[in-house]
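Down below is the structure, laid out as structure tokens.
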Amino acid sequence: MTFAGWDTPLELVKYELTQRRYEGVVVPKDLSDQVAKLAKKKEKNDMNFEAVGAIYDSLSKLKVSSSFRYDQPNNLAEIRKTRPKGPRQLATLDTQELFNKLHGAWTGRAAGCALGKPVEGMGINGKDGVIGRKIIRSYLENRNHWPLDHYFSGKDVGDQLKIHCPKSHRENITYMEPDDDIHYTLIALKILEEYGPDFTWRHVAHTWNQCLPYNVICTAETQAILNYNNAVPRKAKSNWVTPEYTSSYRNPYREWIGAQIRADGWGYACAGNPELAAEFAYRDACWTHRANGIYGEMMFAAIIAAAFVESNPRELINIGLSEIPKTSRLARATEAVLDKARNLKDFHSYMDWVEANFGELSGVHTVNNALVVIGAMIYGDKDFHKSVCLSVEGGWDTDCNGATCGSILGASKGHSELDSSLVLPLNDTIKPSVIGFQKITMTELARRMQEVQKTISARS
């Protein structure tokens, strides 16, 4: 029985129990009772591979209930059959404008990521039963920094609240430090430079093996790459391993946010072409995620691609929705908040409603975090700085949401219009953990992505 080591086997089967229910499975009481029994003696059973493995196998065999209200295909052709009408392809940009917007997108992504990075754990976990969003607010209020308007201060005021990642504190920040939200955007660039627009999910897996240290990969990605490497002989070009296997085997994180944070590079490469961006995102997501995990990456890749030529938040969101199944949980949740936001006066009233209706999900699930970004877009009203700050104030996976929101608004505004105090401290520099990108400017990344975009544009 193979687990990736992100969590103990017992914790993983608990996640799997939740995931199966979310997928529309009615879990028999005896299986739930078995998990609860193991959890009562956690120290003894955390690494009980035999018992946990048997429960896992039983859970994996359960079928979705016929009464399940959602239709959530995993095949691209089926996804497209269930999507609403959309524009598919928008206008193209001239060379100078495209470069400016690519530079803005890279910069916005880095700024949003760095802004949210120190409070990621706080946002996901909260403290003493208080949700993350409210703890973040308390932290800021105790330092007279509410509402959020700049990078987090690491100042200790005796409130027992601690933040992490000191290189991203306002007192220290001079560049974008390593983060998976940035790593995957770089990986997308490398894949497109090396394999072009015909890349496959296997090219993605191969590039991860080449360029990503295992210890910087998280949750669904950790399990998927382990599944892939355990099944594919080192020197063989295997075709027998499937995305269904790599994304699902012992992978309870398959609808978490990991794929959604990989959307950006495909949106940059397909500027003005949301349909193709969503297709690229699908190829990237399908071997690590299922259903809403895939749709999150597809939707935001389409939104980012569209943001190069469209600025209206609601129109962008509708374009993103046009590339995913209208029958999915993510689509219906997004439609619900779009409607609800018309009657809620501010972002935090909006988040109260989101938490009341989607707060049972993991703090790193695709659906609830997507709704944070959508709310920040709507209430930020085209303002880069305000939108990014709201996306972090919203809690849960703060660095991911800040990065995605920054990417969208950066693409829409362009670097020349990013009049934000979040931009200059980064000194146009990223220092990631991706092999081949140890230190690079966002200017250079925009230039390289523009070359990729030319190739794709000529083919499409």
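Would you mind listing the helices (runs of 4 or more DSSP H) fully within the range 285-402 where at least 3 residues are more than 28 Å from GLN89 (Cβ to Cβ)? Spell out how you get there, then give the answer.
Values: elements: 292-307, 313-321, 329-340, 347-358, 366-380, 384-393.
Here the list reads 347-358, 366-380, 384-393.
Considering the range 434-460 alone, what residues qualify as being in contact with a Leu (Cβ under 8 Å, 6 or more places away or on another chain), not aliphatic (A, V, I, L, M) and not in a helix (DSSP H, G or I)?
PHE437, SER460
Condition first: surrounded by fewer than 19 Cβ atoms within 10 Å (Cβ to Cβ) and not in a helix (DSSP H, G or I). Now tell me which residues in the range 90-130 satisfy that.
LEU90, ALA91, THR92, ASP94, GLY126, LYS127, ASP128, GLY129, VAL130
Select from the range 418-433 the residues that are within 25 Å of ASP383 (Cβ to Cβ) and assigned to a loop (DSSP other than H, G, I, E, B) and list them in ascending order.
Answer for the range 418-433, where residues must be within 25 Å of ASP383 (Cβ to Cβ) and assigned to a loop (DSSP other than H, G, I, E, B): LEU418, ASP419, SER420, SER421, LEU422, VAL423, ASN427, ASP428.
Using the structure shown, decide if ARG459 is more than 27 Å from ARG133 (Cβ to Cβ) and modelled with pLDDT under 95.
Working: more than 27 Å from ARG133 (Cβ to Cβ): yes; modelled with pLDDT under 95: yes.
Here the answer is yes, as ARG459 does meet what is asked.
Which pairs turn up if I take residues in the range 199-222 that are free of Cβ contacts under 8 Å to residues at least 24 places away in the same chain and surrounded by fewer than 17 Cβ atoms within 10 Å (Cβ to Cβ) and look for partners that are hydroxyl-bearing (Ser, Thr, Tyr) and part of a helix (DSSP H, G or I) with beta carbon separation below 9 Å, at least 6 apart in sequence or on another chain?
Listed by first residue and then by second, the contacts come to ASN209/TYR228; TYR214/THR222.
Does PHE68 meet the test of being among the aromatic types (Phe, Trp, Tyr), farther than 15 Å from TYR249 by Cα and in the same structural domain as PRO213 (by TED's automatic domain parsing)? Before you say what the answer is, go through the steps one by one.
Values: among the aromatic types (Phe, Trp, Tyr): yes; farther than 15 Å from TYR249 by Cα: yes; in the same structural domain as PRO213 (by TED's automatic domain parsing): no.
So PHE68 does not fit the description; no.
In the range 144-165, what residues are more than 17 Å from GLY132 (Cβ to Cβ) and surrounded by 14 or more Cβ atoms within 10 Å (Cβ to Cβ)?
HIS150, TYR151, SER153, GLY154, listed by residue number.
If I filter the range 240-256 for residues that are over 19 Å from LEU316 (Cβ atoms), crowded, with 24+ Cβ neighbours inside 10 Å and among the hydrophobic types (A, V, I, L, M, F, W, C), do I get at least one hit?
yes
Within the bounds of the range 419-430, is there any residue that is surrounded by fewer than 23 Cβ atoms within 10 Å (Cβ to Cβ), touching a strand residue (DSSP E or B) at 6+ places or on another chain (Cβ under 8 Å) and hydroxyl-bearing (Ser, Thr, Tyr)?
yes
Cβ-Cβ below 6 Å, separation at least six or inter-chain, first residue in the range 65-80 and under 19 Å from GLU279 (Cα atoms), second modelled with pLDDT under 95 and surrounded by 15 or more Cβ atoms within 10 Å (Cβ to Cβ): which pairs?
If the second residue must be modelled with pLDDT under 95 and surrounded by 15 or more Cβ atoms within 10 Å (Cβ to Cβ), no pairs are left.
Conditions: (1) in the same structural domain as TRP396 (by TED's automatic domain parsing); (2) in contact with a helix residue (DSSP H, G or I) (Cβ under 9 Å, 6 or more places away or on another chain); (3) of a type outside the set (Gly, Ala, Ser). PRO147 meets all but one. Number of the miss?
Of the numbered conditions (1) in the same structural domain as TRP396 (by TED's automatic domain parsing); (2) in contact with a helix residue (DSSP H, G or I) (Cβ under 9 Å, 6 or more places away or on another chain); (3) of a type outside the set (Gly, Ala, Ser), the odd one out for PRO147 is (1).
Take the range 1-45 and flag every residue that is part of a helix (DSSP H, G or I), surrounded by 15 or more Cβ atoms within 10 Å (Cβ to Cβ) and hydroxyl-bearing (Ser, Thr, Tyr).
TYR15, THR18, TYR22
What do you reckon, is PRO87 under 22 Å from MET377 (Cα atoms), in contact with a Pro (Cβ under 9 Å, 6 or more places away or on another chain), in contact (Cβ under 8 Å) with a residue 40 or more places away in the chain and not hydrophobic (A, V, I, L, M, F, W, C)? Break it down into steps so the answer makes sense when it comes.
Details: under 22 Å from MET377 (Cα atoms): yes; in contact with a Pro (Cβ under 9 Å, 6 or more places away or on another chain): yes; in contact (Cβ under 8 Å) with a residue 40 or more places away in the chain: yes; not hydrophobic (A, V, I, L, M, F, W, C): yes.
Yes; evaluated as a whole, the condition is true for this residue.
Is it the case that the range 212-221 has a residue that's touching a Phe, Trp or Tyr at 6+ places or on another chain (Cβ under 8 Å), over 19 Å from ASP181 (Cα atoms) and either at pLDDT 95 or above or not assigned by TED's automatic domain parsing to the domain that holds GLN438 (or both)?
There is no residue in the range 212-221 that is touching a Phe, Trp or Tyr at 6+ places or on another chain (Cβ under 8 Å), over 19 Å from ASP181 (Cα atoms) and either at pLDDT 95 or above or not assigned by TED's automatic domain parsing to the domain that holds GLN438 (or both).
Got a sec? Which helices (runs of 4 or more DSSP H) wholly within the range 137-249 have at least 2 residues that are in contact with a Gly (Cβ under 8 Å, 6 or more places away or on another chain)? Don't jump to the end; show me each part of the working.
Values: elements: 180-195, 201-211, 219-231, 243-248.
Correct list: 180-195, 219-231.
Quick check: anything in the range 68-81 part of a helix (DSSP H, G or I), of a type outside the set (Phe, Trp, Tyr), within 30 Å of LEU186 (Cα to Cα) and over 24 Å from the mean Cα position of the chain (by Cα)? Write out each step before concluding.
First, pick out the residues of the range 68-81 that are part of a helix (DSSP H, G or I): 76-81.
Filter once more, so that each one left must be of a type outside the set (Phe, Trp, Tyr): 76-81.
Subset that is within 30 Å of LEU186 (Cα to Cα): 76-80.
If we keep only those that are over 24 Å from the mean Cα position of the chain (by Cα) as well, we get none.
So far as the range 68-81 goes, no, none of its residues is part of a helix (DSSP H, G or I), of a type outside the set (Phe, Trp, Tyr), within 30 Å of LEU186 (Cα to Cα) and over 24 Å from the mean Cα position of the chain (by Cα).
How about the range 329-352: which of its residues are of a type in the set (Gly, Ala, Ser) and surrounded by fewer than 17 Cβ atoms within 10 Å (Cβ to Cβ)?
From the range 329-352, those of a type in the set (Gly, Ala, Ser) are 331, 333, 336, 341, 349; that's our starting set.
Residues satisfying the conditions are ALA336, SER349.
If you check every pair at least six apart or on different chains, which have Cβ atoms under 9 Å apart with a residue in the range 339-353 that is closer than 16 Å to ARG137 by Cα first and a residue that is of a type in the set (Gly, Ala, Ser) and not in a helix (DSSP H, G or I) second?
PHE347/GLY394; HIS348/GLY394; TYR350/GLY394; MET351/GLY394; MET351/GLY395
Listed residues ILE319, ILE324, ILE294, ILE303; which is more than 27 Å from THR207 (Cα to Cα), in the same structural domain as TYR249 (by TED's automatic domain parsing), surrounded by 24 or more Cβ atoms within 10 Å (Cβ to Cβ) and out of contact with any strand residue (DSSP E or B) (no Cβ under 8 Å at 6 or more places or on another chain)?
Details: ILE324 fails: more than 27 Å from THR207 (Cα to Cα); ILE294 fails: more than 27 Å from THR207 (Cα to Cα); ILE303 fails: more than 27 Å from THR207 (Cα to Cα).
None of the other options fit; the residue is ILE319.
The values are calculated or read from the model by the stated rules, or taken from the named source; none is laboratory data. Source: prediction; values computed, not measured. Reconstructed Cβ throughout: ideal geometry from the backbone, glycine too, with neighbour counts over all protein chains shown.
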